[in-house]
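Asks: Before I ask anything, let me first share the structure, which is written out below as structure tokens.
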Amino acid sequence: MDNELDPAIAKLLADAAATQNTPDVDISFPTADPQVPVEQPEQTPAQDNDSEEKDTLKVDLTRKQFTPIEKFFSDQKNSVFSDPQYYKSALSGEKEASQKLHNILSKYLTCTDSKDKTVYRQQIVNIYWEFLRSLAPKMSDYTIPLPKRMLMRFAVVLPTLFTPEQKDMFSSAFIENTYEEPVFYLDEWFEWLGTGRLTLSATDEARPQKKTGTGSEEAKRLMQLQSKNMGKLQTSENLLSAKESERTMIETDIKMKLKSLFDHPSIPGLEPHTSPYSESQKKIITDINEKLRQLLKVDRDLHSNLADYKEAKEIGDNLKHKIATNPDAADIVNSADINTEVDTVRQMAKMTVGRQGNHFPIFTKEFFHCIPRQTGFRENVIDMLAWVESIDPGAFCRIHKNMLNRIVPYVVLVPTYGDTGFCWEPFDRYNRVTSRGRIVVPMYPKNLQIAVLTAVADLRWQVAKEKASYYWMEEGLTGQYYQWIDSQKLKGDLKEFFINDYVLWMTKESEGVQRLDKEVRGIFWRHMPFPQELKDKLKTRSLVYQELCQRDLNRSMSDGY
């Protein structure tokens, strides 16, 4: 490790050591010196208009793919990490938490004994997360200094711990979410939670019951009712929009067919008389009749969905009014729940790293070894998700009432040195139809592609398992895969086997490199099929894929019999 610190920081730490208990961060100052202006955060998703909020948070079933990434890094570098007051701005105002973090970080950076340094390193973990508990509720404040956001987002406490190249790379990262995809940094995640536009992540443990007054209990009940109703409202609205879109497509098709039907050319030599219906026009009449029947069926569904939507919206409006007039409701969102989510995110961070991994929570050049395109910036992750979807088109799809709905999960980018992404929940417990799930991706992995693939694989498994319900060991993707594992007498974590095989499926089998067992390949080919273009390409590579394509053809020919 390069132990040379920036001279200014070295002097800062030396002064701290000389005065021992006096931190270089004056915690009585809420911000940096007034003579040195601190940059304010650029506009974030929560500050944009309602239309962007709708695009980012709500599920749009009409979108069929990710927005292509035009630029991965900005040409204009952000100067926040060059601000000499960064460290002071980031830590100031957090009272005891900032003093603890400063003291232990000073000891860690100036320590020369390896054993003592290991002890300090372990102590930093708990103190850092204690500091984040103090910082997280402030993310919904739009006037918060940008260094505090960057600390929460990238775990950058001290810019001196960058190499010049790393500092340049992070300064070029885009701050705002311009792609309207549900991929969030931690500061954005807590911002959405703090403003009540996102619900808490699900946990297995029951939340401790506090002794509260009648007003708080009523506020909590209203919030729970609102969460349940939001699921119904979103489901009915998405189904309504889908049916409206289907109706528009059918009506457009009918208009085009009618235009062809009304075209009657003159009979040569018998002008001005026109030709009777041709055979193709007679077929159009039959097609129109069929389309009209479809239109009536869609209209019946529209009436039903519209009634459900009106009912859910009316209930939602009433609950919204009651919550707005209840002064205890805001406190429920902004205090205890935010602390609960910080604990949840800490658990997420642990899971990305694993038991044997590096749990050090602060960014340092000692542990960071990613190249720019392999770092978990939002644009890189979106691009990687688009690649996954190009090979596995059904990765983010769920079927409801014979409709295939593309629902991209929320992606939480956690600044850890972990290598494994995972699914925290496949969908909201109050809306299993059209709600987004939640997956977690570490920002500083050895291989970003593997980190994203393991997260998507976990999502795939959990969605399939929930769909099969009590019969998950017998039916569908999970049932067939479980039966194969059982037949092979393999011992270990079933889901881990699946995730490892999914990674091989996406990275090797999609390239025509046969790494999976024949039975597993058949299961994946049936339940997680490649796009047809890729199938056509693979069948020219090997008889194995040619046989699988022939099975597809046989199934399509026998379908319905």
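The values are calculated or read from the model by the stated rules, or taken from the named source; none is laboratory data. Being a predicted model, the structure only gives us computed values, none of them experimental. Positions of Cβ are backbone-derived with ideal geometry, glycine not excepted, and every protein chain shown enters the neighbour counts. Ligands, DNA and RNA are stripped out before the accessible areas are found, and what is left, the full protein with its side chains, is counted by its heavy atoms. Shrake-Rupley method; radii C 1.70, N 1.55, O 1.52, S 1.80 Å.
Asks: Taking the Cα atoms of segment 426-512, what is the range of coordinates along each of the three principal axes, in descending order and whole Å?
Replies: Principal extents (Cα only, largest first): 38, 37, 25 Å.
Asks: Still on this model: Quick one: of the DSSP bridges fully inside segment 403-519, what percent are antiparallel, nearest 5?
Replies: 45
Asks: Cα-based Rg of segment 515-560 per 2.2 N^0.38 Å, rounded to two decimals?
Replies: The reported ratio for this selection is 1.11.
Asks: A further question follows. Show me, for segment 413-420, the HN-Hα J-couplings you get by feeding each phi into the Karplus relation (A = 6.51, B = -1.76, C = 1.60, θ = phi - 60°), rounded to Hz, glycine and proline as x.
Replies: Result, ordered by residue: 8, 9, x, 10, 8, x, 10, 10 Hz.
Asks: Now, a different point. Where does the Debye-calculated log10 I(q)/I(0) of segment 414-561 sit at q = 0.12 Å⁻¹, using only Cα point scatterers of equal weight, no solvent?
Replies: Reported log10 I(q)/I(0), two decimals: -0.59.
Asks: Residue separation times 0.36 nm, minus the C-alpha to C-alpha distance between GLU165 and ILE315: what's the value?
Replies: Extra length available between GLU165 and ILE315 comes to 48.6 nm.
Asks: Give the Kirkwood hydrodynamic radius (Å, one decimal) of segment 278-409, defined as one over the mean of 1/r across all pairs of different Cα atoms.
Replies: Kirkwood radius, segment 278-409: 21.8 Å.
Asks: Using a/c under 1.5 as the rounded threshold, could you call segment 450-489 rounded, prolate or oblate? The axes a ≥ b ≥ c are square roots of the C-alpha gyration tensor eigenvalues, and prolate needs a/b larger than b/c, oblate otherwise.
Replies: oblate
Asks: Can I ask one more? Ratio to report: Rg/Rh of segment 344-488, with Cα atoms as the point set and Rh obtained by the Kirkwood method; give two decimals.
Replies: Using only Cα positions, Rg/Rh for segment 344-488 is 1.01.
Asks: So for segment 351-408, what are the equivalent ellipsoid semi-axes in whole Å, largest first, each being the square root of 5 times an eigenvalue of the Cα gyration tensor?
Replies: Each semi-axis is √(5λ); the values are 33, 15, 9 Å.
Asks: Would you please put 68-81, 471-484 in order of how densely packed they are, using the mean number of other Cβ atoms within 10 angstrom per residue and starting with the highest?
Replies: The packing order, highest mean first, is 471-484, 68-81.
Asks: Can you work out the accessible area per residue across segment 459-523, with the rest of the protein chains kept in place, probe 1.4 Å, in square angstrom?
Replies: With all protein chains present, segment 459-523 gives 57 Å² per residue.
Asks: Can you pull the percent of segment 251-374's accessible area that's carbon plus sulfur, 1.4 Å probe, other chains left in place?
Replies: 56
Asks: Which of the peptides 520-530, 487-497, 141-151 is most tightly packed, and how do the rest follow, judged by the mean count of other Cβ atoms within 10 Å per residue?
Replies: Packing proxy ranking, top to bottom: 141-151, 520-530, 487-497.
Asks: Kindly provide the pair-distance distribution of segment 385-440 built from C-alpha pairs, with 5 Å bins from 0 and whole-percent values in order of increasing distance.
Replies: 4, 17, 23, 25, 17, 9, 3, 1, 0
Asks: Going by average Cβ neighbours within 10 Å, how do the peptides 308-316, 283-291, 179-187 rank, with the highest at the top?
Replies: 179-187, 308-316, 283-291
Asks: Something else: Evaluated at 37 °C with a viscosity of 0.692 mPa s, what Stokes-Einstein diffusion coefficient in µm²/s does segment 264-310 have when Rh comes from the Kirkwood expression over alpha-carbon pairs?
Replies: This corresponds to a translational diffusion coefficient of 240 µm²/s.
Asks: Let me ask something else about it. Using only alpha carbon positions, build the gyration tensor of segment 85-193, then give the equivalent ellipsoid semi-axes as the square roots of 5 times its eigenvalues, largest first, whole angstrom.
Replies: Rounded to whole Å, the semi-axes are 26, 17, 12.
Asks: Once the convex hull of the C-alpha atoms of segment 265-354 is built, how many Å³ does it hold per residue, rounded to a whole number?
Replies: Value for segment 265-354: 270 Å³ per residue.
Asks: Okay, moving on. Over the Cα atoms of segment 73-125, what Rg and Dmax result, in angstrom?
Replies: According to the Cα coordinates of segment 73-125, Rg and Dmax are 14.8, 43 Å.
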